[in-house]
1. Expressed as a whole number of Å, what is the distance separating the alpha-carbon centroids of the range 186-214 and the range 402-442?
2. Suppose every Lys and Arg Cβ carries +1 and every Asp and Glu Cβ carries -1, with no other charges. What dipole size does the chain come out with about its Cα centre, to the nearest 20 debye?
3. In debye, nearest 20: dipole of the range 20-120 around its Cα centre with unit charges on the Cβ of K, R (+) and D, E (-)?
4. Under a Cβ-only charge scheme (Lys and Arg +1, Asp and Glu -1), can you give me the dipole magnitude of the range 259-366 about the Cα centre, in debye to the nearest 20?
5. How far, in nm, would the chain grow between Arg263 and Ala387 when pulled straight, counting 0.36 nm per residue and subtracting the alpha carbon separation?
6. Quick check: at a probe of 1.4 Å, how many percent of the accessible area of the range 144-226 sits on carbon and sulfur atoms?
7. Please list 3J(HN,Hα) in residue order for the range 29-46, calculated via the Karplus relation 6.51 cos²θ - 1.76 cosθ + 1.60 where θ = phi - 60°; whole Hz, with x for glycine and proline.
8. Mind checking which of Val192, Phe176, Leu78 is farthest towards the positive end of the chain's charge dipole, using Cβ charges of +1 (Lys, Arg) and -1 (Asp, Glu) about the Cα centre?
Amino acid sequence: MPVVDTDVLIVGAGPVGLTAAVELRRHGAHCRIVDRLPARLPYAKAVGIQPRTLEIWDRMGMVREALDAAVPMRGQLLYSDGADQGRIDFRLPPEVPYGFAALPQYETERVIEEHLARFGTGIERGTELVSFKQDTDGVLSRIVTVDGGEEEVRSRFLVGCDGAHSIVRKALGLSFEGAAFPEEYMLADVEVDWSLPPGYGVRVMHHGEDGAVDDLLVCIPLPGRGRYRMSMMVPPELSAARKPAGEQGTGDAVAHGLETGRRAPGIEHIQAVLDRLSPEPTTASAMRWSSVFRISHRLVNKYADGRVFIAGDAAHIHPPTGAQGMNTGIQDACNLAWKLALTVRGAAHPRLLDSYDAERRPIGEEVVGRTVRHASEGVQADPGDFATVMLREAQLLVAYPDSPVVGRAAPGLEGPGPGDRAPDCGGLTGGISAVPLRLYDLLRDRGHVLLLHADSADGLGVCGEVASGIRHLTDGQTAALVLLAPDAGTYAATGTAARSTGNGSGNAAAGSGAGDAAEAVDYAEIVDYATDADGRHLPAFLDSRGEFARAYRTAGPAAFLVRPDGHLGARVAPLAVPGAVAALSEELARVFRL
């Protein structure tokens, strides 16, 4: 068998490729990440950060750095034909841990790149993929390095995160069906001195006599006083129709993104639009960069071919409405990377990687369709009440109920089921932590996690049996946590519960058989000294405010398998031995090589 240089070669070091690299390294796989650019681009292209992306970064252990660099997106101010149309406040349910944020793409890349460096992995810049060929064991790629030399890289897998003009996608011969919007736009990063409230985007439209939008200004707040990323229609003097044939593009059929070889808009072009459309008189200054850009909507026919995968703009492009593109690509990368890492370790079901296309391509299709619809009809074209629309825009409704690697939901199930996002909750208390914890605190930087809910000491004993069974089945690759339902302060314990506490002190149940009389067991004994059936310590927390039970709609013993990407892989209720281990084994067999 040929020598393998790395487990995964990633092409493209934007937010998507960097996310894939961090997730691979976090789960123990080796990777190389190459990018043809010599340095990070200084453009605030993708700006909006969705709450779901922040949850993913929390799981990856790097959300704090992102929050330090970002500013909140509190809502949007709307104006039409000179009239104030009110404002939209971006409100989410209180149990959602993060709100909407704005962060320039180059800062997003910096945050993820610095986190990746903690694993000893850096970007190989000025390095370009030239060609590749795959066989049954891996992929042989030819790259050109920064000094002009050529190198062959043997990897088990190849991931193309190389954007709308993806070399990887083209080399695979995948179709990329769709079309370009006829409009051209200007982008600029500027400061303004208006008195509009900070943290709000600004959308101003003007309609012509035919009712169509003939002038547009969209401003997204950036970190810094009065600073915005603005987009607006291109004036005639900057239109492609006015350019010589040799300056009208690169010959790539996909017209999407920032254009090169074109005259960049000047501050005077930005000021002219502000003079026409700004809600109040203002002056633009301190322009950091500007560009002309085009928008297309396209979707690849499949996200993978053999050992080669694509993610992000290489797979789907669409209007920037709602800041869905980069965030969708980050979820692509997270979904794929943990599956690749499990496969590299030899621990995955042989068909696990097939689930990447099965799960993510329908999401890409929905996002492309929705953003195209929003671009022409507005967000109000979406079905559902405003709260549902906000959850959808926040990407908190992304789910995989039909995935081949998650269980099927029971008929009439209430609450999150297999494939759904695992919701957060607070109020979890333990003996060592002096303050209540969030569930996401407990999930952070872990792989698969089995959440076991118990409402009695006997139930805790069942949890111990299940935790041991699943640990043995997955060779220790699934962590188990117990969440205890709140009570008046004690559990009535039988001998089973006494064994689960693993403590022989006087105020713990000391019986040794199922027929022992019930005794009062202090919560501290249960939480601090819970063990599984093998006598191993079993982390346990009290659901002191009942938030877990409400969020997961469970009142009795239950098990929830949380995947590394924060989606539920299985839900088993009621929980009982030995049936629970068998039921969970069936679900785990979809993912693991058991």
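1. Their Cα centres are 40 Å away from one another.
2. Rounded to the nearest 20 debye, it is 860 debye.
3. Roughly 360 debye for the range 20-120.
4. On the way: 13 positive and 12 negative charges, 74 e Å.
So the magnitude is around 360 debye.
5. Values: separation 124, 0.36 × 124 = 44.64 nm, distance 4.25 nm.
Working it through step by step, the gained length comes to 40.4 nm.
6. In the range 144-226, the share of accessible area belonging to carbon and sulfur is 50 percent.
7. With the stated coefficients, the range 29-46 comes to 8, 8, 8, 10, 10, 10, 8, 6, 6, x, 7, 5, 6, x, 9, 8, 6, 7 Hz.
8. Phe176
The values are calculated or read from the model by the stated rules, or taken from the named source; none is laboratory data. Please read all numbers here as calculations on a predicted model, not as lab measurements. Glycine gets a Cβ as well: all are built from the backbone with ideal geometry, and neighbour counts include every protein chain shown. Ligands, DNA and RNA are stripped out before the accessible areas are found, and what is left, the full protein with its side chains, is counted by its heavy atoms. Shrake-Rupley method; radii C 1.70, N 1.55, O 1.52, S 1.80 Å.
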